[in-house]
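*Asks:* Dropping the structure in here first, questions after.
The values are calculated or read from the model by the stated rules, or taken from the named source; none is laboratory data. Note that the structure is a prediction, hence the values are computed from the model and not measured. Here the Cβ is made from the backbone with ideal geometry for all residues, glycine too, and neighbour counts use every protein chain on show. Accessible surface is based on the protein model in full, side chains and every heavy atom, while ligands, DNA and RNA are left aside. Shrake-Rupley method; radii C 1.70, N 1.55, O 1.52, S 1.80 Å.
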Amino acid sequence: MDQPVHLLATERGMRAYVTAPKPSDTAAWTRALEALRSADVWGSTDAHGTPEIWAEIREGEQP
């Protein structure tokens, strides 16, 4: 996934947004899900007309 990442500062930490892989790109989804599992919270949105996935790393939280 060579997509630009957009960062947003939140009240608790940083949230990174990236364009979601194509549904048929299982290799890209495998890599994306690996990365998402390391985040404190994650999700998806299509508020800007393009499906994106996001991951948030919260300051001071440990697994």
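*Asks:* Angle between the Cα long axis of helix 26-37 and the longest principal axis of the chain, 0 to 90 degrees, nearest 10?
*Replies:* 10 degrees
*Asks:* In addition: Mind putting a number on the dipole of segment 1-62 about its Cα centre? Charges go on the C-beta only, +1 for Lys and Arg and -1 for Asp and Glu, and I need it in Debye to the nearest 20.
*Replies:* That gives a dipole near 80 debye.
*Asks:* Right, here's the next one. With every protein chain present, what is the per residue accessible area of the chain (1.4 Å probe, Å²)?
*Replies:* Per-residue value: 77 Å².
*Asks:* Of the heavy-atom accessible surface of the chain (probe 1.4 angstrom), what whole percent is carbon and sulfur?
*Replies:* Details: 2530 of 4820 Å².
Heavy-atom surface of the chain belonging to carbon and sulfur, 1.4 Å probe: 52 percent.
*Asks:* Now for a separate question. Sort out the exposed loop GluC sites (Glu not before Pro) in the chain (DSSP loop, at most 14 other Cβ within 10 Å) and tell me the longest stretch that has none.
*Replies:* Longest run free of exposed loop sites: 12-58.
*Asks:* Still on this structure, please answer the following. Suppose R0 equals 30 Å. What FRET efficiency, 1/(1 + (r/R0)^6) with r the Cβ-Cβ distance, do Val41 and Thr19 give to the nearest 0.05?
*Replies:* Approximately 0.95, to the nearest 0.05.
*Asks:* Ok, one more. Could you run the Debye sum over the Cα atoms of segment 1-62, one equal point scatterer each and no solvent, and tell me log10 of I(q)/I(0) at q = 0.25 Å⁻¹, two decimals?
*Replies:* -1.12
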